Structures are given as structure tokens and as C-alpha cells.
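K.L.:
Questions regarding the structure given below will be posed in turn.
The values are calculated or read from the model by the stated rules, or taken from the named source; none is laboratory data. In this text, all values refer to a predicted model and were calculated from it rather than measured experimentally. Every residue, glycine among them, receives a Cβ derived from its backbone with ideal geometry; neighbour counts consider all protein chains shown. Note: accessible area is taken over every heavy atom of the protein model, side chains too, but ligands, DNA and RNA are not part of it. Shrake-Rupley method; radii C 1.70, N 1.55, O 1.52, S 1.80 Å.
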There are 2 protein chains.
Amino acid sequence: MSARQVTLAEVAKQAGVSLATASRVLNGSTRQVSEELSDRVLRTAERLGYVPNASAQALARNSSSLVGLVVHDITDPYFSCIAAGVTRVAEEAGLVVVLGTTGRRPEREVELLSTLRAHRARAVVLAGSRTTDRASQSRLAAEIDAFTEQGGRVACVSQAKLGTDTVVPGNRAGGRALARALTELGHKKFAVLGGPSELVVARDRLAGFKAGLADAGIAPPAVVNGAFTRDGGYAAAMELLASKTRATCVFAVTDVMAMGAMAALRERGVRVPEDMSIAGFDDIPTLRDTVPALSTVRLPLEEMGEIAAGLVLDAGGDEVRTVRVAGEVVLRASTAHN
Amino acid sequence: MSARQVTLAEVAKQAGVSLATASRVLNGSTRQVSEELSDRVLRTAERLGYVPNASAQALARNSSSLVGLVVHDITDPYFSCIAAGVTRVAEEAGLVVVLGTTGRRPEREVELLSTLRAHRARAVVLAGSRTTDRASQSRLAAEIDAFTEQGGRVACVSQAKLGTDTVVPGNRAGGRALARALTELGHKKFAVLGGPSELVVARDRLAGFKAGLADAGIAPPAVVNGAFTRDGGYAAAMELLASKTRATCVFAVTDVMAMGAMAALRERGVRVPEDMSIAGFDDIPTLRDTVPALSTVRLPLEEMGEIAAGLVLDAGGDEVRTVRVAGEVVLRASTAHN
DNA sequence: GCGTGGCGGGAAAGCGCTTTCCAGCGCTCC
DNA sequence: GGAGCGCTGGAAAGCGCTTTCCCGCCACGC
């Protein structure tokens with residue numbers, strides 16, 4: 001075990017050239033090397049199974065090939081789709097993505113960023129949703145500053161205002177459009193399963209939805225808050241049912257929550273959509289196989305990941321870039337006329 | 001931008017101690033340092049916001065804090081669950097996981113392993129399923145050798161015989177137990193939606209299932225192969241239906257395929273379970289919200305990821321370790337008496 | 001009194017690369 | 001014909017850390 005690793009020096013020696021030449025041949029530089037030497041180096045590298053030591057390269061070049069990706073929970077389809085987009089772009093660029101999961105703890109986000117900074121990651125995509133909590137916000141901002149200070153780039157998905165490049169889904173507009181579509185189905189009484197009130201994503205979607213209802217001259221919805229998870233949706237729906245709501249249509253601010261809510265409704269014998277219409281937000285792939293198919297606001301999740309990775313990988317100017325992606329209302333079987 | 005990064009040397013100078021002392025204080029060594037100096041170093045490091053350069057550490061120590069994780073497709077719940085388990089354990093151990101996705105291309109797996117070797121990752125978890133294709137097998141084996149040669153550890157999930165530590169689900173036993181359970185429901189005529197024939201996981205599950213049918217003295221099932229994905233399941237089910245099968249029960253070797261198959265059945269107006277029973281394998285979390293709830297063989301996916309990470313992280317002896325995890329048949333609404 | 005050994009501190013030698021700088025060589029251009 | 005230039009190759013100086021080795025100091029034992 002642990003046979004001496006093959007180093008550039010070894011390759012150089014066996015090929016009978018200098019270290020410099022070997023380096024130039026194997027790791028592309030602007031400098032030309034005669035075909036003969038070049039060949040010799042290439043061949044011996046091949047023969048010895050040489051693989052450059054990435055740490056050494058990173059040290060010497062002062063830049064690594066690592067791209068960070070921070071998500072709350074990789075099993076959540078919302079995040080895994082974004083992750084797929086990010087990894088695709090990163091891998092195409094010859095970079096390696098390091099995955100960090102926060103378990104929805106803001107301090108973990110800060111820790112991860114610091115670790116990524118230690119690794120001199122060249123960029124980071126923050127996919128977790130933003131909190132309005134002041135303390136964690138400012139610590140995060142400080143870490144982001146430290147990170148960019150060091151020459152790293154940061155992009156966020158769905159959380160503007162952090163002074164970084166951002167991919168912003170049309171949360172408010174999507175909520176509003178959805179509300180409008182649902183009122184057009186004839187619903188008059190709505191309820192919303194909102195996420196934790198300190199999450200801006202949840203708040204924006206809710207705000208948009210309320211605005212949409214107002215547009216149609218409809219009374220504001222009852223709002224029940226719950227965790228941003230399937231179980232949170234389940235619990236919130238249970239609470240809603242317990243409150244003897246008279247709503248005929250429920251909007252869950254997240255598909256994942258909607259899935260939980262549908263389970264709750266099913267369990268309580270509330271038929272969807274006959275007794276209750278329900279809609280979500282995101283259009284996670286799982287929705288394809290839900291029965292009844294869930295109405296939602298479609299977001300191009302993988303593409304959002306790709307865009308974020310793109311933003312963070314090409315240097316760009318100094319100004320903060322924001323890419324908006326629109327949500328598209330998709331009405332399916334879970335919402336019926338009323 | 002790009003304010004000089006804080007180095008150990010800087011901290012040492014400002015604290016008025018030597019580089020060696022600063023290193024000893026900040027990155028734990030066996031050597032003692034007087035409390036006074038130690039304090040001074042700690043304080044200045046804090047003040048300057050010092051973060052050790054991980055590349056430099058890796059280079060000097062000849063060992064990095066990277067753990068590789070190779071999956072086919074991170075959006076597949078099977079893989080994202082395993083990924084969750086792996087990251088949890090790795091993060092607890094203070095390590096960083098780098099995520100590689102192969103898109104089911106064997107050569108990508110080899111590439112990724114090589115990249116991970118370049119980064120001197122201390123360990124890798126290979127979660128992709130194994131192929132019987134000779135060529136790619138041997139190239140993969142060669143890369144694995146090179147990797148372990150360098151002192152890295154490798155563990156596989158669900159693919160024994162590669163000479164590495166392995167977490168092996170009871171694919172065969174699970175298939176067999178499922179077959180038995182289904183025959184007990186009175187079904188006599190079965191069909192199987194098999195994965196690509198070169199995937200050993202698919203073959204094992206199928207073989208077990210056949211064995212189970214044989215146990216019950218039932219004729220071998222019709223087998224339709226398809227890709228190991230939701231769409232593969234959909235296509236295979238369509239093909240099965242087109243063949244005018246007389247089976248009353250279908251086994252899809254993967255939950256994901258089963259989801260696709262259910263969609264196909266639904267589309268064709270075949271009621272589940274009245275007209276056709278269906279069962280899958282894995283028990284991915286999504287199943288909770290499927291209607292009707294899918295019968296399956298439950299595998300502790302996250303736990304499997306944790307186990308794999310555990311195997312790969314504690315040195316262990318030289319012998320190859322294999323941890324078997326049993327599948328548990330879970331009958332739900334998608335399978336009915338016949 | 002002096003040798004011994006243990007202990008805390010620093011100097012310096014790497015770790016495996018990249019890149020600058022210099023040397024040598026064959027040309028072109030006055 | 002010599003100055004100047006462009007080009008290729010090599011020596012060597014880092015990159016930011018860890019760790020070995022050595023040194024001076026003190027407590028101790030004979």
C-alpha cells in the first residue's frame with residue numbers, strides 16, 4: 001500500500017527534461033515546447049500514471065478548482081434539481097463541486113462558507129433560502145465578504161439583496177398569477193399554507209398571492225405557517241382542517257409542502273379537487289407522478305442551478321448581476337372549478 | 001477586492017512568535033505551547049480572521065480533508081438519500097464531500113475517480129451501480145487500485161466484488177421475499193420491469209424474484225427491460241401493456257421505475273391495484289405520497305450512505321469489509337389480493 | 001559540581017507544483 | 001558583421017503550511 005506517488009519531478013527525470021518543461025507540457029502554459037520533448041514527457045506521464053497533485057497546483061497557482069454548493073437538504077427535490085444544474089455546469093468547466101448541507105441551520109451556512117474559504121474554492125452557490133433574522137444575516141454577510149475579499153465569487157439562488165449575483169425566481173409575480181388563475185376558476189375563499197414567517201421566499205410568494213386575490217377583489221386568505229418541508233405541509237394542513245376552514249382552495253407555498261398537505265387531506269377524507277382544490281409552487285419533478293396531478297407555478301429548477309453556476313463561473317464585471325426567471329402557472333388536476 | 005490573504009506567517013509575526021509555534025497552536029499538534037503564547041496566537045488569529053489554507057495543509061500533510069461521492073444522478077431520490085447519509089457522516093467528521101455525477105456513463109466514473117485522486121481525496125464512496133461490461137469494469141478497477149495505492153480508501157454501495165469495502169443490500173433476498181409475499185396474495189401470473197440487463201443490481205433483484213416465484217411453484221415472469229429511470233419504467237410498462245400481458249402483478253426492480261410504470265398504467269386506464277398490482281424496490285421517500293401507496297422492499301437508504309461513509313472513514317484493517325443490509329417487504333395499497 | 005534528560009521555542013527543510021528569470025541559439029535587419 | 005530579437009530549455013524562487021532538528025533552559029541526581 002501507499003506506493004510512492006508519482007510526482008512531476010519523477011516524470012521529468014525519467015523523461016530527461018527539467019521540471020519546468022514537464023510542467024509546461026502537462027499543464028498547458030503559453031510557452032511552447034518542442035514536439036520531441038513534449039512527446040517524451042507525455043509518454044512517460046502516461047506510462048507512470050501521473051496525476052497532478054491538485055493541492056500543490058492550487059497552492060502554486062493560488063486558485064483551486066473547487067466550486068461550493070450549499071443547500072439545506074439534498075433529499076429535497078427542489079435542491080437536488082438545482083444541484084444537478086450546478087454540477088452539470090461545473091463539471092463541464094472542469095471543476096469539482098463540493099456539496100455542503102446545512103440542515104436548515106443558518107450557522108451551518110456560515111461554517112460551510114468558512115470551510116470553503118479555507119479550501120480557496122473559487123466560487124460558491126448558495127441555494128438555501130434566506131432568513132430575515134438579523135444576527136445570522138450579518139454573520140453570513142461577513143463571511144461572504146471575507147470570501148469575495150479573497151477573490152472568490154458567490155451567487156445565490158432566490159435571495160437577492162446580499163450584494164451577490166443572484167438568480168431570482170418570480171416568487172411574488174408567480175404567487176400573484178397563481179392567485180389570479182385560481183380566482184378565475186371561481187374560488188372565493190382561500191387558505192395558504194405558508195412557510196416559516198422569517199423566510200423571504202415564503203413571504204414573497206404569500207405576498208404575491210395576497211396581491212393577486214386583492215386584484216380580484218377577494219378577501220385575504222387564512223394563513224397557517226409550517227416548516228418548509230413535506231411534514232411541515234402535512235402539519236399545517238392538519239391545523240387548517242382543525243380550524244374548520246371554509247376555504248375551497250389551498251395554496252401551499254412549496255410543492256413539497258403541498259405534497260404533505262395532500263397526504264393530510266387524503267387522510268382526513270377530504271377529496272382533491274372535489275372538496276378542496278390545492279396548488280403548490282416550484283414544479284418539482286416528483287409532481288409528475290402525484291395523483292391528482294398538482295397545480296403549481298413552474299420554476300425551471302435545473303436551469304436555475306445552471307444559471308447560478310454560470311454567473312459564478314464567468315468573472316463578469318464588478319456590478320452585481322441579477323437574473324430573473326419567471327414562474328409559469330400550470331393548472332392540473334388538483335384544482336377544479338368551483 | 002483580493003486583499004492579501006491572511007497567512008500563518010502574518011499571524012505569527014503579529015503575535016511575535018515563530019511560524020512553528022503559531023502552527024502548533026492553531027492546528028493542534030502533540031507539542032505543548034505555553035499558555036501565554038498560545039493565547040496571543042489565538043487572539044491575533046481571531047482578530048485577523050485567519051483561515052488556514054487547506055491546499056497548503058493538504059500538501060504539507062500529504063492528506064486532504066476531501067471525501068468523494070460518486071452518483072449517477074443526484075435528482076434520483078435513491079441517490080440523494082444515500083448522499084444525505086454520506087454528507088452527514090462526513091461533515092460530522094469535519095470532512096468535506098465532493099459530489100460527482102456520472103449521468104450513468106461508466107467512463108465518467110473513471111474520470112471522476114481520477115480527479116478525486118488528483119485532489120488526494122482521502123476516501124471515495126461509489127454509489128453508482130455496477131455494470132458487467134468487461135472493459136469499463138477493468139478500467140474502473142485500475143483506477144480504484146491507483147486510488148488505494150495512493151493511500152485513499154474506497155467503498156461501494158451495492159456492488160460487491162470490486163475488492164473494496166461494500167454496503168450490500170439484500171437484493172436477491174429482497175426480490176425473493178417480495179415474490180413470496182406477492183404469491184401469497186394469490187397472484188399467479190407475473191411480469192417484471194427489469195433494468196438494463198448489464199446492471200448487476202437489476203439482475204440480482206430479478207434473479208431473487210424468479211427464485212421466489214419458483215419457490216411457490218409459479219411460472220417465470222415475463223421480463224421487459226428498460227432504463228433504470230422513471231421514464232425507463234414508463235416505457236417498459238407501455239411495452240408490457242402492448243404485449244397484451246395476462247399478468248396480474250408487476251414487479252419493477254426500482255421504485256423510480258415503478259413510478260413511471262404507474263403513470264403508464266394510469267394513462268392506459270389500467271387501475272391499480274384492481275386491474276393490476278404493482279410493487280417496486282428501495283422505498284424512496286417519495287413513495288409516501290404516491291397514490292395508491294406503492295408496495296416495495298424497504299432499504300434504509302440514508303443509513304446505507306452513513307454506513308458506507310463510516311466504512312471509508314475509519315481506517316479498518318486490510319481485509320475487505322462487507323456490510324449487508326436487509327430489505328424488508330412492505331405491502332401497501334398498490335398490491336391487492338387476486 | 002557537572003552530566004542528563006525533559007521541555008518549550010525557533011530555524012529551516014521540505015511537500016509538489018508554477019512561473020519568473022536567465023542562458024543559449026539561430027535569425028533578421030541595418 | 002554585430003546588435004537585437006524571438007524562441008526554447010533549465011535553475012530556482014516561491015506558494016502556505018507541517019515537522020524535524022537543534023538549541024537553550026531548568027530540574028534533577030549522583
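K.L.:
Residues of region B:112-127 being more than 9 Å from chain A (Cβ to nearest Cβ) and open to solvent by 30 Å² or more (accessible area, probe 1.4 Å), which ones?
P.N.:
Selection gives B:Arg122 alone.
K.L.:
Do we find that B:Glu184 is farther than 28 Å from B:Phe251 by Cα and not hydroxyl-bearing (Ser, Thr, Tyr) in this structure?
P.N.:
Against the criterion (farther than 28 Å from B:Phe251 by Cα and not hydroxyl-bearing (Ser, Thr, Tyr)), B:Glu184 does not qualify.
K.L.:
Also, I was wondering about something else. How many of the residues in region B:18-43 are near DNA strand C (Cβ under 8 Å from one of its atoms) and within 14 Å of chain A (Cβ to nearest Cβ)?
P.N.:
0
K.L.:
Another question, then. Mind telling me which of the residues A:Gly28, A:Gly100 ends up being under 37 Å from the mean Cα position of the chain (by Cα), of a type in the set (Gly, Ala, Ser) and farther than 19 Å from A:Val312 by Cα?
P.N.:
Unique residue meeting the criteria: A:Gly28.
K.L.:
Out of the residues in region B:23-46 that are away from DNA strand D (no atom under 11 Å from the Cβ) and touching a residue at least 24 places away in the same chain (Cβ under 8 Å), state the one that is surrounded by the fewest Cβ atoms within 10 Å (Cβ to Cβ).
P.N.:
Among those residues, the one meeting the criterion is B:Arg43.
K.L.:
Also, quick follow-up: Out of the residues in region A:233-243 meeting the condition of being part of a helix (DSSP H, G or I) and either away from every other protein chain (no Cβ under 14 Å) or aliphatic (A, V, I, L, M) (or both), tell me which one is farthest from A:Met259 (Cα to Cα).
P.N.:
Among those that are part of a helix (DSSP H, G or I) and either away from every other protein chain (no Cβ under 14 Å) or aliphatic (A, V, I, L, M) (or both), it is A:Ala242.
K.L.:
Of the conditions (1) among the hydrophobic types (A, V, I, L, M, F, W, C); (2) open to solvent by 30 Å² or more (accessible area, probe 1.4 Å); (3) within 16 Å of DNA strand C (Cβ to nearest atom), B:Val6 clears all except one; give me its number.
P.N.:
(3)
K.L.:
Something else now. A:Leu313 versus (1) open to solvent by less than 10 Å² (accessible area, probe 1.4 Å); (2) within 26 Å of A:Val125 (Cα to Cα); (3) of a type outside the set (Asp, Glu): which is the lone unmet condition?
P.N.:
Every listed condition holds for A:Leu313 apart from (1).
K.L.:
Assuming A:Ala237 fulfils every condition listed in (1) open to solvent by 10 Å² or more (accessible area, probe 1.4 Å); (2) in contact (Cβ under 8 Å) with a residue 40 or more places away in the chain apart from one, which condition is it?
P.N.:
(1)
K.L.:
So, in region B:78-97, how many residues would count as being open to solvent by 30 Å² or more (accessible area, probe 1.4 Å) and under 16 Å from the mean Cα position of the chain (by Cα)?
P.N.:
2
K.L.:
Criterion first (under 14 Å from B:Val291 (Cα atoms) and open to solvent by less than 20 Å² (accessible area, probe 1.4 Å)) does A:Ala308 satisfy it?
P.N.:
no
K.L.:
Right, next: Residues of region A:244-264 being touching a helix residue (DSSP H, G or I) at 6+ places or on another chain (Cβ under 8 Å) and surrounded by fewer than 24 Cβ atoms within 10 Å (Cβ to Cβ), which ones?
P.N.:
Result: A:Ala247, A:Ala263, A:Ala264.
K.L.:
Could you count how many residues in region A:83-116 are in contact (Cβ under 8 Å) with a residue 12 or more places away in the chain and over 24 Å from B:Glu107 (Cα atoms)?
P.N.:
Looking only at that region, the number is 14.
K.L.:
Same structure, new question: Which of the numbered conditions does A:Val70 fail, given that it passes all the others? Conditions: (1) away from DNA strand C (no atom under 15 Å from the Cβ); (2) within 11 Å of another protein chain (Cβ to nearest Cβ); (3) open to solvent by less than 50 Å² (accessible area, probe 1.4 Å).
P.N.:
Single failed check for A:Val70: (2).
K.L.:
Kindly list the number of the only condition in (1) within 14 Å of another protein chain (Cβ to nearest Cβ); (2) open to solvent by less than 50 Å² (accessible area, probe 1.4 Å); (3) at pLDDT below 95 that fails for A:Ala56.
P.N.:
Answer for A:Ala56: the failing condition is (3).
K.L.:
Only one residue in A:Ala211, A:Ala179, A:Ala191, A:Ala202 is open to solvent by 10 Å² or more (accessible area, probe 1.4 Å), on the phi < 0 side of the Ramachandran plot, of a type in the set (A, V, I, L, M, F, W, C) and outside the structural domain of A:Val320 (by TED's automatic domain parsing), so which one is that?
P.N.:
Going through A:Ala211, A:Ala179, A:Ala191, A:Ala202 in turn, the sole match is A:Ala211.
K.L.:
Kindly indicate which of B:Gly163, B:Gly170, B:Gly103 is open to solvent by 40 Å² or more (accessible area, probe 1.4 Å) and farther than 28 Å from A:Leu48 by Cα.
P.N.:
Just a single option satisfies the conditions, and that option is B:Gly103.
K.L.:
Quick test of your reading of the structure: B:Gly49 fulfils all but one of (1) over 30 Å from B:Ile144 (Cα atoms); (2) surrounded by 17 or more Cβ atoms within 10 Å (Cβ to Cβ). Name the failing condition by number.
P.N.:
It is condition (2) that B:Gly49 fails.
K.L.:
Could you check A:Arg130 against (1) in contact (Cβ under 8 Å) with a residue 60 or more places away in the chain; (2) crowded, with 20+ Cβ neighbours inside 10 Å; (3) within 10 Å of chain B (Cβ to nearest Cβ) and say which number it fails?
P.N.:
(3)
K.L.:
Taking the options A:Ala15, A:Ala90, A:Ala84, name whichever one is within 15 Å of DNA strand C (Cβ to nearest atom), outside the structural domain of A:Ala227 (by TED's automatic domain parsing) and hydrophobic (A, V, I, L, M, F, W, C).
P.N.:
So the residue among A:Ala15, A:Ala90, A:Ala84 that is within 15 Å of DNA strand C (Cβ to nearest atom), outside the structural domain of A:Ala227 (by TED's automatic domain parsing) and hydrophobic (A, V, I, L, M, F, W, C) is A:Ala15.
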